[in-house]
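Below: the structure, in structure tokens.
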Amino acid sequence: MTGLSRPDTASMLRVDQAGEYGATRIYAGQMAVMGDRTPAARMIAGMAAQEERHRRHFDAMIAARGVRPTLLQPIWDVAGFWLGAATAAIGPEAAMACTAAIETEIDNHYREQLEQLGDSDPELSEAIAEFRAEEIEHRDQALAAGAERAPAYPVLSAAIRLGCRAAIALSKRI
């Protein structure tokens, strides 16, 4: 069975590419505010480079498989940048809280995708498994860097996680 014979594979690629694109925009917003002046900014730059590599990989898979990207990409462009900029403006801990919240949701999302795929699409499964490991690493780095010390962390984290889940649901379909 090829990956495209599964009705959910195109949706998976669409949402994964959108998510990685959104992550690059969040980090761009954070870097626009933070520059490269702090240890947190240097950590974010490293994470951003990995997210860019993830996005390029999913861009190539979408093109090779003829999958339509989400029509919401212009919204994720602006929303991601402003989420990154806003959290960085609050402070480095809030920027890390943003990363921890999003990567928690992405870990769950990628785990669910791997379960759904089983062994039906080894190419996609391999990419998701590799990227998931890096997303977990980002979450753990963000927590170690003080994410939970952000102002109103429980509220901030919950709001960002809810937004992430909504973006995933919308990008699968639109």
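The values are calculated or read from the model by the stated rules, or taken from the named source; none is laboratory data. Note that the structure is a prediction, hence the values are computed from the model and not measured. Please note that ligands, DNA and RNA were not included when accessible areas were found on the heavy atoms of the full protein model with its side chains. Shrake-Rupley method; radii C 1.70, N 1.55, O 1.52, S 1.80 Å.
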Legend entry - P(r) of the stretch 98-174 over all Cα-Cα pairs, binned every 10 Å from zero, in whole percent: 19, 43, 29, 8, 1
Legend entry - Value in Å of the Kirkwood radius, where the chain supplies the Cα pairs that are averaged: 16.0 Å
Inset, instruction - Take the alpha-carbon centre of the stretch 14-38, take the same for the stretch 90-113, and report the distance between them in whole Å. - result: 12 Å
Legend entry - Rounded tilt (10° steps) of 39-65 against the dominant C-alpha axis of the chain: 20 degrees
Legend entry - Solvent exposure of the stretch 37-143 as accessible area per residue, Å², 1.4 Å probe: 45 Å²
Legend entry - Nearest-ten-degree value, helix 73-90 long axis tilted from longest Cα axis of the chain: 20 degrees
Legend entry - Nearest-ten-degree value, helix 122-144 long axis tilted from longest Cα axis of the chain: 10 degrees
Inset, instruction - At q = 0.16, 0.19 Å⁻¹, work out log10 I(q)/I(0) for the stretch 18-88 with the Debye formula, treating every Cα as an identical point scatterer and leaving solvent out; two decimals please. - result: -0.55, -0.72
Legend entry - Accessible-area composition of the chain, carbon plus sulfur, in percent [1.4 Å probe]: 61 percent
Inset, instruction - Per residue of the stretch 149-155, in order, report the coupling 6.51 cos²θ - 1.76 cosθ + 1.60 (Karplus, θ = phi - 60°) as ³J(HN,Hα) in whole Hz, putting x for Gly and Pro. - result: 8, 5, x, 6, 3, x, 6
Legend entry - Coarse-grained scattering of the stretch 88-136 at q = 0.31 Å⁻¹, given as base-10 log I(q)/I(0) from a Debye sum over alpha-carbon atoms: -1.06
